[in-house]
1. I'd like the full set of residues that are surrounded by fewer than 17 Cβ atoms within 10 Å (Cβ to Cβ) and β-branched (Val, Ile, Thr), limited to the stretch 117-128.
2. Out of everything in the stretch 166-203 that is among the aromatic types (Phe, Trp, Tyr) and more than 13 Å from Leu133 (Cβ to Cβ), what residue ends up being modelled with the highest pLDDT?
3. Identify the residue in the stretch 258-276 that is open to solvent by less than 40 Å² (accessible area, probe 1.4 Å) and touching a helix residue (DSSP H, G or I) at 6+ places or on another chain (Cβ under 6 Å) and, among all such residues, is farthest from Pro226 (Cα to Cα).
4. Pairs needed: first member in the stretch 43-55, in contact (Cβ under 8 Å) with a residue 60 or more places away in the chain; second member anywhere, open to solvent by 80 Å² or more (accessible area, probe 1.4 Å) and not in a helix (DSSP H, G or I); C-beta distance under 9 Å; at least 6 residues apart or different chains.
5. Condition test on Ala249, is it open to solvent by less than 70 Å² (accessible area, probe 1.4 Å), under 19 Å from Ser84 (Cβ atoms), modelled with pLDDT of 90 or more and not in a loop (DSSP other than H, G, I, E, B)?
6. Considering each of Arg218, Arg306 in turn, give the residue that is among the basic types (Lys, Arg), modelled with pLDDT under 90 and farther than 16 Å from Ala83 by Cβ.
7. Among the residues of the stretch 155-182, how many are open to solvent by 50 Å² or more (accessible area, probe 1.4 Å) and part of a loop (DSSP other than H, G, I, E, B)?
8. Quick check on my filter: what residues within the stretch 218-244 are in contact (Cβ under 8 Å) with a residue 12 or more places away in the chain and open to solvent by 80 Å² or more (accessible area, probe 1.4 Å)?
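The values are calculated or read from the model by the stated rules, or taken from the named source; none is laboratory data. What you see is a predicted model; the values in this text were computed from it and never measured. We place every Cβ from the backbone using ideal geometry, glycine too, and count neighbours over all the protein chains shown. We work out accessible area using only protein heavy atoms, side chains counted, and drop any ligands, DNA or RNA first. Shrake-Rupley method; radii C 1.70, N 1.55, O 1.52, S 1.80 Å.
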Amino acid sequence: VGTIAWSVSLYYTFANLDLFGRNDGISAIPPLSLGDLRLIDGRLYFTVIWIGVVLAALATGNLLDSRAGRAIRALRGGALAAASFGVNTPRARTLAFIYAAMLAAFAGWLYAHMQRSVNPTPFGLNAGIEYLLMAVLGGAAHVPGALLGAGLVTVVNDALQDLLPKIIGEQGNFESIVFGAILVLALQASPEGIWPHIARVRPMHHRVHPDAPALPVRAKPVRGAPVLTVHALRRCFGGLVAVNDVTFALSAGEIVGLIGPNGAGKSTTFNLLTGVDRPGAGTVEFLGQALVGMTAPAIARLGIARTFQQVKLVASMSVI
């Protein structure tokens, strides 16, 4: 929704500034050429566009199967869990946004050379709604879902533009109203889109590398050596003291439990230890290193892992 709001504001900005040509846009854009062959014929350009679609789909699939891509996909389950097992969530969000912008720029480049001119008119609110519907209808978490959604919306849009004026007896952008209704129904009936239902019929096989080298083993502290030291940890929410000067120590080889009734502040204490929340006072040291002020991903990389009371699974990802 925030991105759509930006697109609407930029649409009116570009349309009203002389610097960007107002609604007149840019004209006389040369066609793409392959040597002496000028790609003016629509059938030739159709092939070029499909080559671009295939390359974009392969690149996106490769990204999502990478370590950085898994971090991006983990954000769908909530940034809190992702950050707590070491994902640099601002970096992952920025990477996703920049990559999406690069795909949009590539599509705009193809569009400009096909039309031979560009102006802001086709890129108003209706276009934003259509792109959102494509992602939601097909399945935003899946590359094939994006292709399926784009195809369905394009075909349905063309059909509605022909049928609705005949049914209603008037000319107008009635397809926007129908698209809005379809979007609401799609979100209610299948929030994950159509593609996950197709994928369940034909399960996708994830690439597994059983011969991958083992991860390095951390050097373990000597048994009995201090590992975690907490002193006078305190956290207040307004007038409520959730964690009241908690002090304890954990040595290597020990198992320590933190017990108490509902609302005693156990979860808040774990949040303070793992960087999810910041204490108002007190200190936390792990293997002699101060943790207060460090981010959750940085603390996770030091070797402190955690679980959540409400399990934060990422539904679209397998255990492997």
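1. Going residue by residue through the stretch 117-128, those that are surrounded by fewer than 17 Cβ atoms within 10 Å (Cβ to Cβ) are 117, 121-122, 124-127.
Within the stretch 117-128, Thr121 is the sole residue that qualifies.
2. Taking the stretch 166-203 and keeping what is among the aromatic types (Phe, Trp, Tyr), we get 174, 179, 195.
With the extra rule that they be more than 13 Å from Leu133 (Cβ to Cβ), the set shrinks to 174, 195.
Details: Phe174: 74, Trp195: 86.
Looking at residues that are among the aromatic types (Phe, Trp, Tyr) and more than 13 Å from Leu133 (Cβ to Cβ), I get Trp195.
3. Of everything passing the filter in the stretch 258-276, Gly260 is farthest from Pro226 (Cα to Cα).
4. Every condition considered, the pairs that remain are Val48/Leu34.
5. On the way: open to solvent by less than 70 Å² (accessible area, probe 1.4 Å): yes; under 19 Å from Ser84 (Cβ atoms): no; modelled with pLDDT of 90 or more: yes; not in a loop (DSSP other than H, G, I, E, B): yes.
The answer is no for Ala249.
6. On the way: Arg306 fails: farther than 16 Å from Ala83 by Cβ.
Result: Arg218 is the single residue among Arg218, Arg306 that is among the basic types (Lys, Arg), modelled with pLDDT under 90 and farther than 16 Å from Ala83 by Cβ.
7. Result for the stretch 155-182: 4.
8. Within the stretch 218-244, Arg218, Lys220, Val222, Arg223, Pro226, His231, Asn244 meet the criteria.
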